[in-house]
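The values are calculated or read from the model by the stated rules, or taken from the named source; none is laboratory data. As the structure is a computational prediction, the values presented were derived from the model and not from experiment. Every residue, glycine as well, gets a Cβ built from its backbone with ideal geometry; the counts of neighbours run over all protein chains shown. Heads up: the accessible areas ignore ligands, DNA and RNA and are worked out on the full protein's heavy atoms, side chains in. Shrake-Rupley method; radii C 1.70, N 1.55, O 1.52, S 1.80 Å.
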Amino acid sequence: MSKRDFRGVEAKWQKKWEEDGVYQAKDHAKNEKFYGLIEFPYPSGEGLHVGHPRSYTAIDAVTRKQRMSGKNVLFPIGWDAFGLPTENFAIKNKIKPQEATKKNIANFTRQLKSIGFGFDWSREIDTTDPTYYKWTQWQFLKFFNSFYDEQEQRARPIEELPAHLDKDEHRMAYKAASTINWCPRCKIGLANEEAIGGVCERCGNPTEKREKAQWMIRITKYAERLIKDLDSVDYLDKIKAQQINWIGKSEGAFVDFQVGKDTVTVFTTRPDTLFGATYLVMAPEHPLVQRWVEDGSIMNQDEVRSYQAETASKSEIERGDESKDKTGVELKGVQAVNPANGEKIPVWISDYVLATYGTGSIMAVPAHDERDHAFAKKFGLPIDIVVEPVTGEPRENEEFRRSIVAIVRNPKNGKLLSINWGKKGGSLFVGGGLEDGEDPETCAVREIREETGYKNVKFIEKSETVHHHYFAASKNVARNIEAVGLLFELSDEERDEAVLEKDEQGQFTVEWLTEAQAEKQVIDGLHGYLFQKFIQGTCYSEPGIATNSDFLDGLPTWKAKDDMISWLNEQGKGEKATTYKLRDWVFSRQRYWGEPIPIIHCPKCGQVGVPENELPLMLPDVDAYQPTDSGESPLAAIREWVEVKCPNCGGKAERETDTMPNWAGSSWYFLRYCDPHNDKALADPEKLKYWMPVNLYNGGMEHTTLHLLYSRFWYKFLWDMGIVPEECGSEPYAKRRSHGLILAEGGEKMSKSKGNVVNPDDVVEAYGADVFRVYEMFMGPFDQPVPWDTNGIEGVRKFLEKVWNLYGLDSSLRGNDNPELVTLYHQTIKKVTDGIDHLQFNTCISQMMILANAFQDAGSVPESMKEGFLKILAPFAPHMAEEIWEHLGMKGSIHVSGWPTYDPEKLKAATFELVVQVNGKVRAKITVDSDISEEDAKSKALESASKWIEGKTPKQIIYVTGKLVSIVA
RNA sequence: GCCGCGAUGGCGGAAUUGGUAGACGCACGGGACUCAAAAUCCCGCGAUCGCAAGGUCAUGAGAGUUCGAUUCUCUCUCGCGGCACCA
């Protein structure tokens, strides 16, 4: 293929494939399906970015391989076309968003087609098409007409709501006055997920808080299931972690504090520190505070009011700034009672307590919480340390308790940490002398050697006898962060060998001190530790364990977490509780270019859904759709659209004027692909049963807590409601992967302002689609960010030209299949077969390059390999593979021609290089038969390495089959 | 601070049940072909010592386990991504 005609060849095949419907998914097929999905693009005015094809080519290659393997493949494409950028672009250029969208889609289509993706274009969808958004609106009505059944843990139709409950208070979609994130630049309300860090996701402007009635969807009801069901899917670990983190589950308890006649409920994850709660802090916005201000319970009303006003005026960023000093005001005249010990404690308000999380109030335990501690220090509030006496409740392990010095529990992960306090230089030291840069384990080994005089100190797998224990720790104790609990044991019976071993908790044990010494350490240790912390007033540790009862006098006592919860339960002062950071989904947008929310407000009937037979509720065609500062949707100005009759009573009513966020259309598009032209349902259940779930879904990490979370939730809702059949399973995507960003040549982010953006059109024009595709797959690991490299693309061009020339050199392909080439060929088929499945495209290409180089050395492609090699190349360079395929005189498209197989027998070469190591160093390499016996291998190895052994008798000879011989001399 | 990921030649990166570190590509150097250039092909290409044969060092730093560690364990440093006063 000369440089001149590749575009022609590519265009030819693109046309032919479409005409022949090569990539069309079949609906009522008997064979196995494979549903590969890429995030459908937002057709922006800028056109395709080189990042898009990275993801698309990857999934294209996977689906092409699946198709060649005989699967019925669905690899669809569509447009997520509603949204702000188009609307803003349209306003700026004084055209209609409809027109801008149409133009952009046409451009994207041209670009995507020029790269030769195997999309099934017959299933193309567009979220702005009324035949599509009709169903988005229909689904919104389902949310509106349903509630969440807490007992059954699923959504159900609103008609089934128990009669004593108010429907409007339980709908899955509900309108409520709420504080929203308002972006003054975009003039739009944002969901929490879109205003992370108090900054607008779109424009980067700081957001403000505004009170506004918004449509919300109760995604929070699904928090637990959204976490739990991650167990059943194959997502990248970092995606799972990010979602779990975002949902932010915390387990703990609600605890009631009496404040006069009122009860303030706090949420805490540490009910076991309740004895150390020395004051209460409430969010300034807390309704009770509001009431107390109004009814005069608070003496310093003015001060409180002004603090409240100050808080309200702060932006999210200011309020979230941790570096600033804690502020707050005491509510004078108000006192709370600590339910654990009956003590009267003060009540404060402070902006470090968030109104939107937990109960909006906390109990402050300054001895064991850093933030409370800072606050207490600043305002001179009391700090009480909570201590667990070791002589109290027996622990699981008697031995463990007997000689421990002190235990600190890491608050973040609950791990136990044993510590020792010594007087070395007045600072905390560990293990008796952890040297700089030394880890506790190493230290332990060293010390055991020194103390016992035994050289041979070994770790063994499991402890049989645990005699005595000693401490260990890490220097991080001082900071109370991560630490390793190390315990050592030296068995009495085995005096000739000190043994280090791991017990079930993963801790190492060894005897180290006499019991008397250990006893002393215990007492000194805890005293020293707690005493110092107490004096310094810097204790925000976990409860310590004390054996010295004198010391315990005057310190608050301790109950384990679960014990405390049951005690609270018995006393009626609290209960077990779980909270989440996740908030309900703000579903209203005050903009034009979105799906109108199909609700009618009737003064008599309240909120009424638009009757299903009136869907789609069309977006009116208007001239003025600029956003307004008032926060009203532009639709509100179109009176003839707004004014309707109530479908219920026929009286005068008004339409809802908010539109949906663009996450609406993308929350269910993968379902529509299964049946894109259905006008009776969003998709035929039978087709859903066949196609769902998506086998492989690839998309950007930036959607992890947005689209990916929303669509999982949306899908679960449809599944609960029976709209998605039971058989499809509770998760929409069986496997989710994410591609790395493509950076600009210098390693920076590509951006228009820096002028370093690579345009796919230019690359395709200069090198052709195949080179572009192969390069994108070769440039680096798929999930890793990689910089664009113009020289690198040249290398790929050479590779493809080499292949082209190999097939075209002379018409007589010689049958020169020497044994090495056969082995390499089979290895390559295996590598590419496995590599595509594991999304390791870069090494697939490398391996094909190796084989191509070997073909070149051999003079040509052997007859027996010419089809197979072309086939494994086809997913990456579909045009060239097809063209050569035709030249070879093959019938039909290569892309449905079957996937080549490899012979496992032929993966191994007849001989291999046996590596000979002496004392761990490579000393010789000898070529031996693959089926060499162990004895022969060893003797040959000894022979070849005789120089290094010098007549000594080897202590040990290790043979690794097919690899090496290691001689210990 | 928390969660997750990462660190290997001049560059992108290979190498997983622990077994030849640097595959493949780029860049660079040399050669062939050519009047010349481009293209193509061949050879070399981690550092260091050595004429060479060969040796020594080397996968962010330090330690450990092992006959053997890029790979496992621990401590630390730096970088990237996400979250962040979430009780």
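So is A:Ser946 small (Gly, Ala, Ser) and away from RNA strand B (no atom under 14 Å from the Cβ) or not? So A:Ser946 does not fit the description; no.
Test A:Gln847 against the criterion of being in contact with a helix residue (DSSP H, G or I) (Cβ under 8 Å, 6 or more places away or on another chain) and touching a residue at least 24 places away in the same chain (Cβ under 8 Å), and give yes or no. In short, no.
Within the stretch A:155-174, identify whether any single residue is at pLDDT below 95 and within 22 Å of A:Arg655 (Cβ to Cβ), and answer yes or no. The answer is yes, given that some residue of the stretch A:155-174 is at pLDDT below 95 and within 22 Å of A:Arg655 (Cβ to Cβ). Restricting the stretch A:550-584 to residues that are of a type in the set (Asp, Glu) and assigned to a helix (DSSP H, G or I) leaves a set whose member that is modelled with the lowest pLDDT is A:Asp550. Candidates in the stretch A:43-69 are the residues that are at pLDDT 95 or above and either more than 26 Å from the chain's Cα centre (by Cα) or surrounded by fewer than 20 Cβ atoms within 10 Å (Cβ to Cβ) (or both); of these, the one that is farthest from A:Phe772 (Cα to Cα) is A:Ser69.
Scan the stretch A:801-809 and give yes if some residue there is β-branched (Val, Ile, Thr) and closer than 20 Å to A:Asp60 by Cα, otherwise no.
Our first condition is that a residue be β-branched (Val, Ile, Thr); within the stretch A:801-809, this holds for A:803.
Subsequent filtering for residues that are closer than 20 Å to A:Asp60 by Cα retains none.
Scanning the stretch A:801-809 turns up no residue that is β-branched (Val, Ile, Thr) and closer than 20 Å to A:Asp60 by Cα.
Looking only at residues of the stretch A:586-605 that are in a strand (DSSP E or B) and modelled with pLDDT of 95 or more, we find that the one that is farthest from RNA strand B (Cβ to nearest atom) is A:Cys602.
Going by the conditions given, is A:Lys344 surrounded by fewer than 17 Cβ atoms within 10 Å (Cβ to Cβ), within 14 Å of RNA strand B (Cβ to nearest atom) and of a type outside the set (A, V, I, L, M)? The answer is no for A:Lys344. Restricting A:Lys103, A:Lys94, A:Lys134 to residues that are within 26 Å of A:Glu10 (Cα to Cα), open to solvent by 20 Å² or more (accessible area, probe 1.4 Å) and not in a strand (DSSP E or B) narrows the list to A:Lys103. Applying the criterion of being within 20 Å of A:Asn181 (Cβ to Cβ) and in contact with a Lys or Arg (Cβ under 9 Å, 6 or more places away or on another chain) to the residues of the stretch A:635-666, the residue that is most open to solvent (accessible area, probe 1.4 Å) is A:Asn662.
Among the residues of the stretch A:166-204, those identified as under 22 Å from A:Val608 (Cβ atoms) and either within 16 Å of RNA strand B (Cβ to nearest atom) or touching a residue at least 12 places away in the same chain (Cβ under 8 Å) (or both) are A:Lys167, A:Asp168, A:His170, A:Arg171, A:Met172, A:Ala173, A:Tyr174, A:Lys175, A:Ala176, A:Ala177, A:Ser178.
When A:Ala924 is tested against (1) open to solvent by less than 40 Å² (accessible area, probe 1.4 Å); (2) in contact (Cβ under 8 Å) with a residue 40 or more places away in the chain, just one condition goes unmet, and that condition is (2). Screening the stretch A:837-937 for helices (runs of 4 or more DSSP H) wholly inside it with 2 or more residues that are more than 16 Å from RNA strand B (Cβ to nearest atom) returns the ranges A:863-873, A:878-887.
Taking the stretch A:944-969 as the range and being assigned to a loop (DSSP other than H, G, I, E, B) and open to solvent by 50 Å² or more (accessible area, probe 1.4 Å) as the test, the residues that pass are A:Glu950, A:Gly951, A:Lys952, A:Thr953, A:Lys955, A:Thr961, A:Lys963. Taking the criterion of being polar (S, T, N, Q) and within 18 Å of A:Gly795 (Cβ to Cβ), the residues of the stretch A:848-893 that qualify are A:Asn853, A:Gln856.
Looking only at residues of the stretch A:228-256 that are closer than 30 Å to A:Ala340 by Cα and part of a strand (DSSP E or B), we find that the one that is nearest to RNA strand B (Cβ to nearest atom) is A:Ser250. Scanning the stretch A:70-89 for residues that are in contact with a Ser or Thr (Cβ under 6 Å, 6 or more places away or on another chain), of a type outside the set (Gly, Ala, Ser) and open to solvent by less than 10 Å² (accessible area, probe 1.4 Å) turns up A:Val73, A:Phe75, A:Phe82, A:Thr86.
Among the residues of the stretch A:587-613, just one is open to solvent by 30 Å² or more (accessible area, probe 1.4 Å), closer than 13 Å to A:Glu654 by Cα and within 39 Å of the chain's Cα centre (by Cα), namely A:Gln607. When the stretch A:137-151 is examined, which residues are found to be modelled with pLDDT of 95 or more and not in a helix (DSSP H, G or I)? Across the stretch A:137-151, the qualifying residues are A:Asn145, A:Ser146, A:Phe147, A:Tyr148, A:Asp149.
Suppose the filter is in contact with a helix residue (DSSP H, G or I) (Cβ under 8 Å, 6 or more places away or on another chain) and in a loop (DSSP other than H, G, I, E, B); does A:Gly746 pass it?
no
Going by the conditions given, is A:Ile872 modelled with pLDDT of 90 or more, under 21 Å from A:Arg773 (Cβ atoms), under 46 Å from the mean Cα position of the chain (by Cα) and open to solvent by 40 Å² or more (accessible area, probe 1.4 Å)? The answer is no for A:Ile872. Report whether or not A:Glu905 is out of contact with any strand residue (DSSP E or B) (no Cβ under 7 Å at 6 or more places or on another chain) and open to solvent by less than 20 Å² (accessible area, probe 1.4 Å). No.
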